[in-house]
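Okay, so here's the structure we're looking at.
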Amino acid sequence: MDLPAWAWALTMVVLASVVVLDLAMAIRNPHKLSTKESATWAGVYIGAALVFGAIMFVTQGATYGGQFYAGYLTELALSVDNLFVFLLIIQGFRVPAVLQSRVLLVGIVLSIVLRGGFIAVGSVLIAKFSWVFLIFGAILIWTAIGQLRENAHENDEEGPEHYEKSRFMKFAESKLRVSADYHGSKLFARIDGVKFVTPLLLAMIAIGSTDILFALDSIPAIFGLTQEPYLVFTATIFALMGLRQLYFLLAAMLKSLKYLHLGLAAILGWIGVKLVMNGLAENQLPFINGGHHIEWMPHIPTTLSLGVIAGVLAAVVLANWIILRRQGKSFKELFAESEAEMDATGGGAPAVAVAEK
(Lines give C-alpha, C1' and ligand atoms only; values in the text may rest on other atoms or scores of the structure.)
Protein backbone atom coordinates (compact mmCIF):
# COMPACT_ATOMS: atom_id res chain seq x y z
CA MET A 1 0.00 0.00 0.00
CA ASP A 2 1.24 3.44 -0.92
CA LEU A 3 -0.85 5.87 1.08
CA PRO A 4 -0.18 9.63 1.16
CA ALA A 5 0.75 11.29 4.43
CA TRP A 6 -2.63 13.02 4.62
CA ALA A 7 -4.43 9.64 4.68
CA TRP A 8 -2.38 8.55 7.69
CA ALA A 9 -2.92 11.91 9.38
CA LEU A 10 -6.68 11.88 8.74
CA THR A 11 -7.00 8.34 10.07
CA MET A 12 -5.04 9.19 13.21
CA VAL A 13 -7.11 12.31 13.85
CA VAL A 14 -10.45 10.52 13.39
CA LEU A 15 -9.54 7.50 15.53
CA ALA A 16 -7.97 9.69 18.23
CA SER A 17 -11.11 11.87 18.28
CA VAL A 18 -13.29 8.80 18.81
CA VAL A 19 -11.11 7.60 21.69
CA VAL A 20 -11.07 11.06 23.30
CA LEU A 21 -14.86 11.35 22.94
CA ASP A 22 -15.34 7.93 24.54
CA LEU A 23 -12.97 8.90 27.35
CA ALA A 24 -14.83 12.18 27.94
CA MET A 25 -18.17 10.37 28.08
CA ALA A 26 -16.84 7.86 30.61
CA ILE A 27 -15.42 10.62 32.82
CA ARG A 28 -18.34 13.04 32.63
CA ASN A 29 -21.04 10.42 33.07
CA PRO A 30 -19.64 7.35 34.85
CA HIS A 31 -22.26 4.60 34.93
CA LYS A 32 -22.92 0.99 34.09
CA LEU A 33 -24.07 0.91 30.48
CA SER A 34 -27.55 -0.48 29.88
CA THR A 35 -28.09 -3.36 27.49
CA LYS A 36 -29.59 -1.07 24.87
CA GLU A 37 -26.82 1.50 25.18
CA SER A 38 -24.10 -1.17 25.03
CA ALA A 39 -25.64 -2.89 22.03
CA THR A 40 -26.13 0.40 20.19
CA TRP A 41 -22.55 1.62 20.64
CA ALA A 42 -21.04 -1.83 19.97
CA GLY A 43 -23.08 -1.95 16.76
CA VAL A 44 -21.84 1.51 15.76
CA TYR A 45 -18.18 0.53 16.24
CA ILE A 46 -18.55 -2.82 14.46
CA GLY A 47 -20.44 -1.12 11.65
CA ALA A 48 -17.70 1.50 11.33
CA ALA A 49 -15.10 -1.28 10.99
CA LEU A 50 -17.17 -2.99 8.28
CA VAL A 51 -17.52 0.29 6.38
CA PHE A 52 -13.78 0.96 6.68
CA GLY A 53 -13.05 -2.50 5.27
CA ALA A 54 -15.40 -1.80 2.36
CA ILE A 55 -13.48 1.43 1.69
CA MET A 56 -10.24 -0.60 1.61
CA PHE A 57 -11.84 -2.97 -0.89
CA VAL A 58 -12.90 -0.11 -3.17
CA THR A 59 -9.78 2.07 -2.92
CA GLN A 60 -6.99 -0.48 -2.37
CA GLY A 61 -8.34 -3.70 -3.85
CA ALA A 62 -9.68 -7.02 -2.63
CA THR A 63 -6.33 -8.23 -1.26
CA TYR A 64 -5.92 -5.39 1.22
CA GLY A 65 -9.64 -5.31 2.00
CA GLY A 66 -9.51 -9.01 2.84
CA GLN A 67 -6.39 -8.52 4.96
CA PHE A 68 -8.16 -5.84 6.99
CA TYR A 69 -11.22 -8.01 7.63
CA ALA A 70 -9.10 -11.04 8.55
CA GLY A 71 -7.02 -8.93 10.94
CA TYR A 72 -10.07 -7.24 12.44
CA LEU A 73 -11.92 -10.52 13.07
CA THR A 74 -8.84 -12.05 14.69
CA GLU A 75 -8.19 -9.04 16.91
CA LEU A 76 -11.88 -8.81 17.84
CA ALA A 77 -11.93 -12.51 18.82
CA LEU A 78 -8.81 -12.04 20.96
CA SER A 79 -10.34 -8.91 22.51
CA VAL A 80 -13.51 -10.78 23.48
CA ASP A 81 -11.35 -13.43 25.15
CA ASN A 82 -9.52 -10.64 26.99
CA LEU A 83 -12.86 -9.39 28.33
CA PHE A 84 -13.01 -12.44 30.58
CA VAL A 85 -9.69 -11.43 32.16
CA PHE A 86 -11.01 -7.88 32.59
CA LEU A 87 -14.08 -9.35 34.29
CA LEU A 88 -11.91 -11.30 36.74
CA ILE A 89 -9.82 -8.21 37.53
CA ILE A 90 -12.89 -6.04 38.10
CA GLN A 91 -14.42 -8.69 40.35
CA GLY A 92 -11.12 -9.28 42.14
CA PHE A 93 -10.82 -5.58 43.02
CA ARG A 94 -14.57 -5.25 43.70
CA VAL A 95 -14.83 -2.24 41.38
CA PRO A 96 -18.22 -0.52 41.89
CA ALA A 97 -20.46 -0.75 38.83
CA VAL A 98 -20.47 3.03 38.39
CA LEU A 99 -16.66 3.05 38.02
CA GLN A 100 -16.21 -0.01 35.82
CA SER A 101 -16.62 1.94 32.59
CA ARG A 102 -13.77 4.27 33.55
CA VAL A 103 -11.45 1.40 34.51
CA LEU A 104 -12.16 -0.34 31.22
CA LEU A 105 -11.54 2.78 29.16
CA VAL A 106 -8.21 3.45 30.86
CA GLY A 107 -7.21 -0.11 30.06
CA ILE A 108 -8.27 0.28 26.43
CA VAL A 109 -6.37 3.57 26.01
CA LEU A 110 -3.27 1.89 27.44
CA SER A 111 -3.80 -0.98 25.00
CA ILE A 112 -3.86 1.44 22.08
CA VAL A 113 -0.66 3.15 23.21
CA LEU A 114 1.19 -0.10 23.92
CA ARG A 115 0.12 -1.82 20.73
CA GLY A 116 0.96 1.26 18.69
CA GLY A 117 4.51 0.97 19.99
CA PHE A 118 4.66 -2.79 19.34
CA ILE A 119 3.33 -2.25 15.80
CA ALA A 120 6.02 0.34 15.05
CA VAL A 121 8.78 -1.94 16.33
CA GLY A 122 7.32 -5.01 14.64
CA SER A 123 7.07 -3.25 11.26
CA VAL A 124 10.75 -2.27 11.38
CA LEU A 125 11.88 -5.76 12.42
CA ILE A 126 9.83 -7.53 9.74
CA ALA A 127 11.06 -5.15 7.04
CA LYS A 128 14.69 -5.91 7.90
CA PHE A 129 14.71 -9.44 9.28
CA SER A 130 12.52 -12.16 7.76
CA TRP A 131 13.43 -14.54 10.60
CA VAL A 132 11.14 -12.48 12.85
CA PHE A 133 8.30 -14.42 11.19
CA LEU A 134 9.68 -17.59 12.77
CA ILE A 135 9.70 -15.99 16.23
CA PHE A 136 6.18 -14.60 15.84
CA GLY A 137 4.99 -17.97 14.54
CA ALA A 138 6.51 -19.79 17.52
CA ILE A 139 4.84 -17.33 19.92
CA LEU A 140 1.43 -17.94 18.36
CA ILE A 141 1.80 -21.72 18.28
CA TRP A 142 2.83 -21.69 21.94
CA THR A 143 -0.15 -19.44 22.73
CA ALA A 144 -2.45 -21.81 20.84
CA ILE A 145 -1.22 -24.68 23.02
CA GLY A 146 -1.98 -22.55 26.10
CA GLN A 147 -5.49 -21.90 24.78
CA LEU A 148 -6.00 -25.64 24.37
CA ARG A 149 -5.01 -26.15 27.99
CA GLU A 150 -7.51 -23.50 29.07
CA ASN A 151 -10.19 -25.19 26.97
CA ALA A 152 -9.53 -28.40 28.89
CA HIS A 153 -10.83 -26.63 32.02
CA GLU A 154 -14.03 -25.33 30.36
CA ASN A 155 -15.94 -28.43 31.48
CA ASP A 156 -14.94 -27.78 35.09
CA GLU A 157 -18.15 -26.79 36.87
CA GLU A 158 -16.47 -24.17 39.01
CA GLY A 159 -14.16 -22.67 36.38
CA PRO A 160 -11.61 -19.86 36.90
CA GLU A 161 -13.66 -17.51 39.06
CA HIS A 162 -10.84 -15.63 40.80
CA TYR A 163 -8.26 -13.18 39.58
CA GLU A 164 -4.75 -14.43 40.28
CA LYS A 165 -2.57 -11.39 40.95
CA SER A 166 0.68 -11.18 39.03
CA ARG A 167 4.04 -10.74 40.70
CA PHE A 168 3.99 -7.13 39.53
CA MET A 169 0.68 -6.47 41.27
CA LYS A 170 1.82 -8.21 44.45
CA PHE A 171 4.96 -6.06 44.42
CA ALA A 172 2.91 -2.90 43.85
CA GLU A 173 0.55 -3.69 46.72
CA SER A 174 3.49 -4.43 49.02
CA LYS A 175 5.03 -1.02 48.32
CA LEU A 176 1.89 1.12 48.25
CA ARG A 177 -0.38 2.18 51.10
CA VAL A 178 -3.85 1.12 49.92
CA SER A 179 -7.11 2.41 51.40
CA ALA A 180 -9.70 -0.11 52.53
CA ASP A 181 -12.50 1.54 50.57
CA TYR A 182 -13.12 3.26 47.26
CA HIS A 183 -13.36 7.05 47.44
CA GLY A 184 -15.54 7.79 44.45
CA SER A 185 -13.46 8.25 41.32
CA LYS A 186 -10.36 9.37 43.23
CA LEU A 187 -7.08 7.59 42.62
CA PHE A 188 -5.59 8.96 45.85
CA ALA A 189 -7.22 9.74 49.20
CA ARG A 190 -5.99 11.38 52.38
CA ILE A 191 -7.12 9.58 55.55
CA ASP A 192 -6.24 11.06 58.96
CA GLY A 193 -3.57 13.14 57.27
CA VAL A 194 -1.97 10.13 55.56
CA LYS A 195 -2.03 9.76 51.78
CA PHE A 196 -3.36 6.44 50.42
CA VAL A 197 -3.83 5.07 46.93
CA THR A 198 -7.33 3.74 46.32
CA PRO A 199 -8.24 0.29 44.99
CA LEU A 200 -9.37 2.08 41.80
CA LEU A 201 -5.78 2.93 40.93
CA LEU A 202 -4.68 -0.66 41.55
CA ALA A 203 -7.45 -1.97 39.30
CA MET A 204 -6.29 0.36 36.52
CA ILE A 205 -2.68 -0.77 37.00
CA ALA A 206 -3.76 -4.42 36.90
CA ILE A 207 -5.64 -4.01 33.63
CA GLY A 208 -2.83 -1.91 32.15
CA SER A 209 -0.18 -4.48 33.04
CA THR A 210 -2.18 -7.33 31.49
CA ASP A 211 -2.41 -5.29 28.28
CA ILE A 212 1.29 -5.97 27.73
CA LEU A 213 0.64 -9.71 27.78
CA PHE A 214 -2.34 -9.31 25.46
CA ALA A 215 -0.19 -7.41 22.95
CA LEU A 216 2.30 -10.30 22.84
CA ASP A 217 -0.50 -12.44 21.38
CA SER A 218 -2.37 -9.96 19.22
CA ILE A 219 0.49 -8.19 17.43
CA PRO A 220 2.14 -11.36 16.05
CA ALA A 221 -1.34 -12.57 15.06
CA ILE A 222 -2.15 -9.48 13.01
CA PHE A 223 1.30 -9.45 11.38
CA GLY A 224 0.63 -13.03 10.33
CA LEU A 225 -2.26 -11.77 8.20
CA THR A 226 -0.86 -8.52 6.83
CA GLN A 227 2.47 -6.72 6.98
CA GLU A 228 0.97 -3.39 5.97
CA PRO A 229 1.46 -1.06 9.01
CA TYR A 230 -1.66 0.93 8.11
CA LEU A 231 -3.88 -2.16 8.09
CA VAL A 232 -2.23 -3.59 11.21
CA PHE A 233 -2.85 -0.35 13.09
CA THR A 234 -6.42 0.28 11.94
CA ALA A 235 -7.58 -3.34 12.40
CA THR A 236 -6.14 -3.38 15.94
CA ILE A 237 -7.66 -0.04 16.93
CA PHE A 238 -11.08 -0.82 15.48
CA ALA A 239 -11.12 -4.08 17.47
CA LEU A 240 -10.30 -2.21 20.68
CA MET A 241 -12.64 0.78 20.25
CA GLY A 242 -15.88 -0.99 21.08
CA LEU A 243 -14.40 -3.16 23.82
CA ARG A 244 -15.81 -1.08 26.69
CA GLN A 245 -19.33 -1.44 25.33
CA LEU A 246 -18.89 -5.14 24.54
CA TYR A 247 -17.81 -5.72 28.14
CA PHE A 248 -21.19 -4.66 29.52
CA LEU A 249 -22.94 -6.57 26.75
CA LEU A 250 -21.06 -9.87 27.06
CA ALA A 251 -19.11 -9.94 30.34
CA ALA A 252 -21.33 -12.21 32.43
CA MET A 253 -22.31 -14.31 29.42
CA LEU A 254 -18.65 -15.15 28.77
CA LYS A 255 -18.82 -17.54 31.73
CA SER A 256 -21.43 -19.59 29.88
CA LEU A 257 -19.81 -19.62 26.42
CA LYS A 258 -18.11 -22.88 25.45
CA TYR A 259 -15.20 -23.60 23.13
CA LEU A 260 -14.03 -19.98 22.77
CA HIS A 261 -10.50 -20.99 23.83
CA LEU A 262 -10.62 -23.92 21.41
CA GLY A 263 -11.62 -21.60 18.57
CA LEU A 264 -8.87 -19.12 19.42
CA ALA A 265 -6.35 -21.96 19.59
CA ALA A 266 -7.32 -23.00 16.06
CA ILE A 267 -7.03 -19.43 14.76
CA LEU A 268 -3.72 -18.67 16.46
CA GLY A 269 -2.32 -22.07 15.49
CA TRP A 270 -3.29 -21.49 11.86
CA ILE A 271 -1.70 -18.03 11.78
CA GLY A 272 1.37 -19.33 13.63
CA VAL A 273 1.95 -22.05 11.02
CA LYS A 274 1.37 -19.47 8.27
CA LEU A 275 4.03 -17.20 9.82
CA VAL A 276 6.54 -20.05 10.07
CA MET A 277 5.91 -20.91 6.43
CA ASN A 278 6.41 -17.27 5.43
CA GLY A 279 9.63 -17.13 7.43
CA LEU A 280 10.98 -20.28 5.76
CA ALA A 281 9.97 -19.06 2.31
CA GLU A 282 11.97 -15.84 2.89
CA ASN A 283 14.67 -17.63 4.87
CA GLN A 284 17.90 -15.74 5.60
CA LEU A 285 19.25 -17.92 8.40
CA PRO A 286 22.51 -19.62 7.38
CA PHE A 287 21.78 -22.84 9.28
CA ILE A 288 18.50 -23.42 7.38
CA ASN A 289 18.79 -24.47 3.73
CA GLY A 290 22.21 -22.85 3.53
CA GLY A 291 20.72 -19.40 4.05
CA HIS A 292 18.65 -19.61 0.85
CA HIS A 293 14.90 -19.11 0.38
CA ILE A 294 12.84 -22.30 0.44
CA GLU A 295 11.15 -21.92 -2.92
CA TRP A 296 8.78 -24.87 -2.61
CA MET A 297 7.15 -23.53 0.57
CA PRO A 298 3.47 -22.86 -0.30
CA HIS A 299 1.90 -19.42 0.12
CA ILE A 300 -1.40 -19.24 2.01
CA PRO A 301 -3.65 -16.59 0.40
CA THR A 302 -5.49 -14.02 2.48
CA THR A 303 -8.88 -15.25 1.24
CA LEU A 304 -8.17 -18.70 2.68
CA SER A 305 -7.09 -17.24 6.02
CA LEU A 306 -10.20 -15.06 6.13
CA GLY A 307 -12.36 -18.10 5.40
CA VAL A 308 -10.68 -20.17 8.13
CA ILE A 309 -11.02 -17.39 10.74
CA ALA A 310 -14.67 -16.66 9.89
CA GLY A 311 -15.43 -20.39 9.74
CA VAL A 312 -13.90 -21.11 13.15
CA LEU A 313 -15.77 -18.23 14.80
CA ALA A 314 -19.01 -19.34 13.14
CA ALA A 315 -18.41 -22.90 14.40
CA VAL A 316 -17.99 -21.63 17.98
CA VAL A 317 -21.27 -19.71 17.76
CA LEU A 318 -23.05 -22.70 16.18
CA ALA A 319 -21.74 -25.10 18.85
CA ASN A 320 -23.00 -22.82 21.61
CA TRP A 321 -26.37 -22.48 19.85
CA ILE A 322 -26.70 -26.28 19.69
CA ILE A 323 -25.82 -26.63 23.39
CA LEU A 324 -28.40 -24.01 24.32
CA ARG A 325 -31.06 -25.68 22.17
CA ARG A 326 -30.46 -28.96 23.98
CA GLN A 327 -30.91 -27.11 27.27
CA GLY A 328 -34.14 -25.61 25.98
CA LYS A 329 -32.69 -22.08 25.99
CA SER A 330 -31.89 -19.37 23.49
CA PHE A 331 -29.11 -16.80 23.33
CA LYS A 332 -31.66 -14.20 24.38
CA GLU A 333 -32.58 -16.17 27.52
CA LEU A 334 -28.91 -16.82 28.33
CA PHE A 335 -28.16 -13.14 27.98
CA ALA A 336 -31.08 -12.23 30.25
CA GLU A 337 -29.87 -14.68 32.91
CA SER A 338 -26.33 -13.32 32.67
CA GLU A 339 -27.51 -9.73 32.95
CA ALA A 340 -29.60 -10.60 36.00
CA GLU A 341 -26.52 -12.19 37.58
CA MET A 342 -24.50 -9.02 36.95
CA ASP A 343 -27.27 -6.86 38.44
CA ALA A 344 -27.56 -9.13 41.49
CA THR A 345 -23.86 -8.66 42.26
CA GLY A 346 -23.80 -4.97 41.44
CA GLY A 347 -21.84 -5.66 38.26
CA GLY A 348 -19.52 -7.99 40.07
CA ALA A 349 -18.76 -5.45 42.73
CA PRO A 350 -19.97 -6.28 46.23
CA ALA A 351 -18.47 -4.70 49.32
CA VAL A 352 -14.81 -3.72 49.05
CA ALA A 353 -12.35 -5.78 51.07
CA VAL A 354 -8.88 -4.37 50.49
CA ALA A 355 -6.68 -4.31 53.56
CA GLU A 356 -4.89 -1.13 54.50
CA LYS A 357 -1.13 -1.23 54.55
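The values are calculated or read from the model by the stated rules, or taken from the named source; none is laboratory data. For clarity, every value in this text was computed on a predicted model and none was experimentally measured. Positions of Cβ are backbone-derived with ideal geometry, glycine not excepted, and every protein chain shown enters the neighbour counts. Just so you know, the surface numbers come from the protein's heavy atoms only, side chains and all, with ligands and any DNA or RNA stripped out. Shrake-Rupley method; radii C 1.70, N 1.55, O 1.52, S 1.80 Å.
Treating each Cα of region 187-266 as an identical point scatterer and summing with the Debye formula, the log10 of I(q)/I(0) at q = 0.14, 0.20 Å⁻¹ comes to -0.72, -1.13. Stretched out straight at 0.36 nm per residue, the stretch from T303 to S209 would grow longer than its current Cα-Cα span by 30.4 nm. The simple spin-label model puts a point 7 Å past each Cα toward its Cβ; for I191 and V124 those points are separated by 4.5 nm. Couplings 3J(HN,Hα) for region 325-330, derived from phi with the Karplus relation 6.51 cos²θ - 1.76 cosθ + 1.60 (θ = phi - 60°), are 4, 5, 8, x, 10, 10 Hz, where x marks Gly and Pro.
Calculated FRET efficiency, K36 to T11, Cβ-Cβ distance, R0 = 22 Å: about 0.15 to the nearest 0.05. Amide H to amide H, with H built 1.01 Å from N, I191 comes under 5 Å of F196, counting only residues 5 or more places away or on other chains.
Between F171 and L3, what length comes free when the chain is fully extended (0.36 nm per residue of separation minus the Cα-Cα distance, one decimal in nm)?
Values: separation 168, 0.36 × 168 = 60.48 nm, distance 4.53 nm.
So the extension gain works out to 55.9 nm.
Here the 3J(HN,Hα) profile of region 10-23, calculated from phi with Karplus coefficients 6.51, -1.76 and 1.60 at θ = phi - 60°, is 4, 4, 4, 5, 5, 5, 5, 5, 5, 5, 5, 4, 5, 5 Hz, Gly and Pro shown as x. Phi angles across region 191-203 convert, under the Karplus curve 6.51 cos²θ - 1.76 cosθ + 1.60 with θ = phi - 60°, into 3J(HN,Hα) values of 10, 6, x, 10, 7, 10, 8, 8, x, 4, 5, 5, 5 Hz, Gly and Pro given as x.
Taking all protein chains together and a 1.4 Å probe, the residues T302, T63 rank T63, T302 from largest to smallest accessible area. In a fully extended conformation the segment linking T59 and R325 would gain 91.5 nm over its present Cα-Cα distance, using 0.36 nm per residue.
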